[in-house]
Every structure is written in structure tokens, then in C-alpha cells.
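The values are calculated or read from the model by the stated rules, or taken from the named source; none is laboratory data. These numbers were taken from a predicted model, which means no experiment stands behind them. Here the Cβ positions follow ideal geometry from the backbone for every residue, glycine too, while neighbour counts run over all protein chains shown.
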Amino acid sequence: MPQEAVPAYIQHDGKLSALYQAMNQIAPLSMADTSWDNVGVQIQAPEPEKNKGNVIMLCEDLRTAVVDEALERGDVAIIMTYHPIIFRGLKSLTFNDTQQKSLLRLTAANISVYAAHTSLDASTNGLNDWLARVVSNQQSDVVKSDTPSNSLPPAIEPLTKSYESHPNAGQGRIVELKEAISVDQLVSNIKSNLQLKNVILGLPHNFDPKEARLTNIAVGAGSAGSIVTKYPKAQAYVTGELSHHEALAAVEKGIVVITTLHGNSERGYLRQVLVNKLEKTLASINSGTPLKVVASQTDSEPLEIV
């Protein structure tokens, strides 16, 4: 895949440039759905040379607790958040809004922020591939991306040229199991691999969850109703969340629904995979400063099943 050039406006910042190059190898921004998503550099440290930190901190959401953690550590140069903290245009930057306050505090501390989101969802061996392997319990099953050639119509309109040169990339995944499993086993795989005590389960009428009959599972991280519901052969949907009506329509069609809560379908990838993957990629890039990658310890799901 052709490499995307580092934007001129960040080339003077060795650490931010290194992260941009590394993420271009892992999850190029050209894979993001920019019709609605907002990815890439969201805050650029105004005076990066004053920040002597060498840590890139990963988080799902850039909440106040994560900002506090980064400032208290004192060694964070960049926060890479999965969800963008800036989605829409801002009309002001004040302390009257928690997100705006976070932006101001990080800028004052010369901490840059980069958001990955749908570029990481779509990438090969990215978040959705990881979630597909969670579902199959890391079997060497067939994992297909959301591309026309693999029977799942793209939930996001025509795939870009970068996808054409990278055929295994795309939003959502189809898992075709070699041997049928029961709903109970599928639930067990998900709970065990995501380290969850509970998931939300929707069963069709008169469906026996102990019977082994599932071989085709549609998977999508986060709020993926518009993606998983496009797979006509799906016997089960696994995602972070579905709306009430999406879930109702699925079970009425005889499809099993399993949701984990939004961030629970994503955060594990950052901690289990991306920390090491990004650090190794950064090591191959000359940034002038050896960079360490850590996962935030305070980043957590805002909702809980009790």
C-alpha cells in the first residue's frame, strides 16, 4: 500500500511524525470513513520541544480521568485515542465544557492527540480482525472483510482505491467457523476473551442456546448495526451495541444477537494487541527519541451491566 506523506505542519515534531508514520503502516487514515468520522491529529502540541516525555498513551475515550492520568504521569508526549474527542466543529474553547477543558489542558501541557477510530476498524489485522478471533476463540477460521467480493456489501459506500490494493481490509468481518458451535459456546468465547462477566443476549423464539448450529457470524466493533445487519447469511450478530429495533428485527429473523456494551468490544484490542504492535513499529522509525507505548489505566466503559 502506498505510504501517506507526513503532513508538513507536523514534520518539525519528531515524536508526532513518528506516530503518524507508524499508524500509517498499521491503519492508514485513508481507510477511515471520513464522511462522518474525524481521524488523525486532533491536537498538535504548540511547543513540542518543551515536552520531554517519551510515552504514547492509548485510550478508548479521552475522558477527564485519562487527561488527569496523563498529566500526573509527567512523561506523556502524545495520547492516541480510539474515539475522536473532536467530532464536530467547535464554536468556543472554554472550561465550561469538560471536553473543551480537556483540549485546553492538554494543549497547555504540549501533549498532542491522535485519533484512529474507523481506520483501525478497517485495517488488516486491526480491531475487527481481533474481534473476529475473539468470537472464534482464536481458531484458524476463515475471516472475511466487508467487501463486495466476500458477500458482505459495504456498510460504507464504495471502497476507496486503498481498499482495492488491500483486499482484506474493510469495515466489519464475517467469521465462517469450520465446525458449528452453540450459542452457549459463543457467549463463553466472548466473555472469556474479553474478560467480561456479562454480555447482552438476544435469542429468537424457541431457540435452544445449547444446540451447536452456528457457523456464520457477522462481527463489528462498537455500534455496528449498519454493518452486521447487511450480511445475509448471518446466524448471529456480535457487536458492541445495537438499537432496540435492530435487535428486534434480528431475532424476528431467527438471528442470535450478542452485544458487549460499546467500548468492551474495542478496548481489549488496544491493551492486548496495539500497545506492543505500535511500539515495535515505532522502533523501526527514527524519531530521535525512543518511544514507549502504554495503555491508560483509568480508561473504562462508562456503562456497566449490574
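Given Ile181, Ile190, which one is surrounded by 14 or more Cβ atoms within 10 Å (Cβ to Cβ) and touching a residue at least 60 places away in the same chain (Cβ under 8 Å)? Let's see the steps before the verdict.
Numbers: Ile181 fails: touching a residue at least 60 places away in the same chain (Cβ under 8 Å).
Going through Ile181, Ile190 in turn, the sole match is Ile190.
Given the structure, is Ser188 at negative phi and either touching a Lys or Arg at 6+ places or on another chain (Cβ under 7 Å) or modelled with pLDDT of 90 or more (or both)? Steps first, answer last, please.
Numbers: at negative phi: yes; either touching a Lys or Arg at 6+ places or on another chain (Cβ under 7 Å) or modelled with pLDDT of 90 or more (or both): yes.
For Ser188, the condition - at negative phi and either touching a Lys or Arg at 6+ places or on another chain (Cβ under 7 Å) or modelled with pLDDT of 90 or more (or both) - is met.
Could you go through the range 228-245 and let me know if any residue there is in contact (Cβ under 8 Å) with a residue 12 or more places away in the chain, over 27 Å from His83 (Cα atoms), of a type in the set (D, E, K, R) and assigned by TED's automatic domain parsing to the domain that holds Leu127. Give the steps one after another, and end with the answer.
Of the range 228-245, the ones in contact (Cβ under 8 Å) with a residue 12 or more places away in the chain are 228-243.
Then keep just the ones that are over 27 Å from His83 (Cα atoms); that gives 232-235.
Within this subset, residues satisfying the condition of being of a type in the set (D, E, K, R) are 233.
From what is left, the residues that are assigned by TED's automatic domain parsing to the domain that holds Leu127 are 233.
The answer is yes; a qualifying residue exists.
Counting just the residues of the range 252-306 that are assigned to a loop (DSSP other than H, G, I, E, B) and hydroxyl-bearing (Ser, Thr, Tyr), which one comes out nearest to Val6 (Cα to Cα)? Walk me through it before giving the result.
If we filter the range 252-306 for residues that are assigned to a loop (DSSP other than H, G, I, E, B), which is where we start, we get 253-255, 260-261, 266, 284-291, 296-306.
Narrowing the set further to residues that are hydroxyl-bearing (Ser, Thr, Tyr) leaves 260, 284, 287, 289, 296, 298, 300.
Values: Thr260: 36, Ser284: 16, Ser287: 13, Thr289: 17, Ser296: 26, Thr298: 31, Ser300: 31 Å.
Here the answer is Ser287.
Could you look through the range 284-294, keep only residues that are at pLDDT 95 or above and of a type in the set (A, V, I, L, M, F, W, C), and pick out the one that is nearest to Gln185 (Cα to Cα)? Can you show your working first?
Let us first name the residues in the range 284-294 that are at pLDDT 95 or above, namely 291-294.
Within this subset, residues satisfying the condition of being of a type in the set (A, V, I, L, M, F, W, C) are 291, 293-294.
On the way: Leu291: 40, Val293: 34, Val294: 32 Å.
Filtering first and then ranking leaves Val294.
A quick yes/no check of all residues on (1) at pLDDT below 95; (2) out of contact with any helix residue (DSSP H, G or I) (no Cβ under 7 Å at 6 or more places or on another chain):
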position: Ser226; (1), (2): yes, yes
position: Ile255; (1), (2): no, yes
position: Asn264; (1), (2): no, no
position: Arg267; (1), (2): no, yes
position: Val273; (1), (2): no, no
position: Lys277; (1), (2): no, no
position: Lys280; (1), (2): no, yes
position: Ser296; (1), (2): no, no
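For the range 222-258, how many residues meet the condition of being charged (D, E, K, R), over 18 Å from Asn189 (Cα atoms) and touching a strand residue (DSSP E or B) at 6+ places or on another chain (Cβ under 6 Å)?
To start, the set of residues in the range 222-258 that are charged (D, E, K, R) comprises 230, 233, 241, 246, 252-253.
Subsequent filtering for residues that are over 18 Å from Asn189 (Cα atoms) retains 230, 233, 246, 252-253.
Now drop any that are not touching a strand residue (DSSP E or B) at 6+ places or on another chain (Cβ under 6 Å), which leaves 233.
Qualifying residue count, the range 222-258: 1.
How about the range 17-49: which of its residues are assigned to a helix (DSSP H, G or I), more than 16 Å from Val113 (Cα to Cα) and not β-branched (Val, Ile, Thr)?
Answer for the range 17-49, where residues must be assigned to a helix (DSSP H, G or I), more than 16 Å from Val113 (Cα to Cα) and not β-branched (Val, Ile, Thr): Gln25, Ser30, Met31.
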